[in-house]
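S.K.: Sharing a structure here in structure tokens format.
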Amino acid sequence: MKRILILGGTGFVGRALCEQLQAHPGFAGTRLVVPSRRRERGKHLFPLPQVDVLEANVHDDAALARLLRDVDAVVNLVAILHGTPQAFEQAHVTLPQRLAAACANAGVRRVVHVSAMGIQGGVPGDAGAAPSQYLRTKTLGEQALWAAPLDLTVLRPSVIFGAHDSFLNLFALLQRFVPVMALAGGDARFQPVWVDDVARALVQCLLEGSTAGRCFELAGPQVLTLSELVKLAGQWSGHARPVLPLPMAAGRLQARALGLLPGEPLMSTDNLDSMKVPNVLTGTLPSLQDLGITPTPLEAVGPAYLGRPVSWADRLDQWRTRVNR
Ligand SMILES: NC(=O)c1ccc[n+]([C@@H]2O[C@H](COP(=O)([O-])OP(=O)(O)OC[C@H]3O[C@@H](n4cnc5c(N)ncnc54)[C@H](OP(=O)(O)O)[C@@H]3O)[C@@H](O)[C@H]2O)c1
């Protein structure tokens with residue numbers, strides 16, 4: 001491939017994907033085009049010689065058409081976890097719809113889309129069963145892409161862990177400052193998957209055209225509850241705190257209060273609603289093993305990055321990310 005467009009490539013998964021594509025002999029010489037709303041957000045990608053980070057508004061049809069020029073494949077990683085109903089709609093539904101139309105105009109057929117575990121198949125347009133804005137809009141976006149004349153592969157990961165995650169790192173950070181972790185939804189089940197395994201799956205899909213038309217669920221080898229994950233984050237970061245189960249109603253109040261803090265919210269009631277759907281393999285779809293990837297267990301990676309001392313530069317980066325700078 002000469003050129004791959006990676007929407008949402010400045011984020012957590014995008015970073016791992018760009019690093020792997022850059023190092024892969026099958027993509028030697030491939031230009032990796034990463035648009036961002038603010039080019040500075042992709043500064044960690046600047047040292048990668050094959051990556052071009054551009055400032056562009058992917059919600060503008062003309063800009064999207066320009067980005068798709070001479071592109072052999074698109075990877076879509078754009079998503080948000082918190083926001084207004086309009087923001088969810090724009091990032092998860094309207095963008096995939098416009099991407100499908102723009103690909104048709106530009107003659108681009110190959111698209112790999114990262115969706116989320118917990119998405120129901122359903123009939124096109126029907127996302128009524130999903131309990132949260134996040135899952136409802138992710139379902140509709142996925143359906144819009146399936147309905148388009150594309151060579152589409154969809155990946156549905158469970159929660160993703162890795163050195164730059166904002167899930168286990170957040171729980172580790174919180175436990176530095178609070179004496180007790182009050183937690184709602186502690187029995188929600190996850191099957192955490194390593195970001196490098198997700199990136200490997202994306203690379204594999206880009207290499208193998210035969211994955212078009214297929215949907216893969218990406219998960220690690222273990223099922224863990226939210227409460228177990230919070231305890232591991234505390235233990236590995238050296239600040240283990242007792243976990244106090246909160247009833248859901250109190251959890252919703254806590255989420256609303258956390259949403260009032262400045263910067264990106266730490267938690268929202270929509271996140272709690274998403275946790276009503278188990279984030280574990282359904283067993284009805286192919287998984288990492290079907291792509292020739294052995295999933296990495298959390299304990300093989302988690303202690304190393306959660307236990308390392310956080311440098312001042314890393315801490316500044318975390319705060320910049322939280323306040324969208
Ligand atoms: N992380 C997880 O645990 C997890 C679990 C399941 C599924 N997933 C899925 O995996 C994919 C990648 O997730 P991630 O963790 O890498 O996300 P991330 O770190 O939050 O990155 C999201 C990317 O989307 C872009 N973006 C966000 N809102 C946008 C908007 N309104 N318009 C245009 N671009 C926007 C951001 O680009 P700029 O800020 O540079 O513009 C950023 O590069 C997503 O589809 C997500 O739903 C993630």
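The values are calculated or read from the model by the stated rules, or taken from the named source; none is laboratory data. All values reported here derive from a predicted model rather than from experimental measurement. Note that we place each Cβ from the backbone using ideal geometry, even for glycine, and neighbour counts take in every protein chain shown.
S.K.: Can you name every residue in region 233-250 that is small (Gly, Ala, Ser) and touching a helix residue (DSSP H, G or I) at 6+ places or on another chain (Cβ under 6 Å)?
M.R.: Correct list: 233, 234, 237, 240.
S.K.: Moving to a separate point now. So which pairs qualify, if the first residue must be in region 57-75 and more than 13 Å from residue 4 (Cα to Cα), the second must be assigned to a loop (DSSP other than H, G, I, E, B), the Cβ gap must be under 6 Å, and the two must be at least 6 apart or on different chains?
M.R.: Partner pairs satisfying both residue conditions: 63/56; 63/57; 64/58.
S.K.: Now, a different point. Kindly indicate the residue of region 26-47 that is more than 15 Å from the ligand (Cβ to nearest atom) and touching a helix residue (DSSP H, G or I) at 6+ places or on another chain (Cβ under 9 Å) and also farthest from residue 204 (Cα to Cα) among those meeting that condition.
M.R.: That would be 30.
S.K.: Step by step: first the residues of region 197-232, then only those that are more than 14 Å from the ligand (Cβ to nearest atom) and of a type in the set (Gly, Ala, Ser), then the one that is farthest from residue 75 (Cα to Cα). Which residue is that?
M.R.: If we take residues in region 197-232 being more than 14 Å from the ligand (Cβ to nearest atom) and of a type in the set (Gly, Ala, Ser), then 227 is farthest from residue 75 (Cα to Cα).
S.K.: Determine, yes or no, whether residue 70 is at positive phi and either outside the structural domain of residue 109 (by TED's automatic domain parsing) or more than 11 Å from the ligand (Cβ to nearest atom) (or both).
M.R.: It is true that residue 70 is at positive phi and either outside the structural domain of residue 109 (by TED's automatic domain parsing) or more than 11 Å from the ligand (Cβ to nearest atom) (or both).
S.K.: Is it the case, given these coordinates, that residue 23 is among the small types (Gly, Ala, Ser), free of Cβ contacts under 8 Å to residues at least 40 places away in the same chain and more than 8 Å from the ligand (Cβ to nearest atom)?
M.R.: So residue 23 passes the test.
S.K.: Sticking with this one: Run down 210, 158, 227 and say which single residue is more than 23 Å from residue 11 (Cα to Cα), among the small types (Gly, Ala, Ser) and either touching a residue at least 24 places away in the same chain (Cβ under 8 Å) or in contact with a helix residue (DSSP H, G or I) (Cβ under 7 Å, 6 or more places away or on another chain) (or both).
M.R.: Of 210, 158, 227, the one residue that is more than 23 Å from residue 11 (Cα to Cα), among the small types (Gly, Ala, Ser) and either touching a residue at least 24 places away in the same chain (Cβ under 8 Å) or in contact with a helix residue (DSSP H, G or I) (Cβ under 7 Å, 6 or more places away or on another chain) (or both) is 227.
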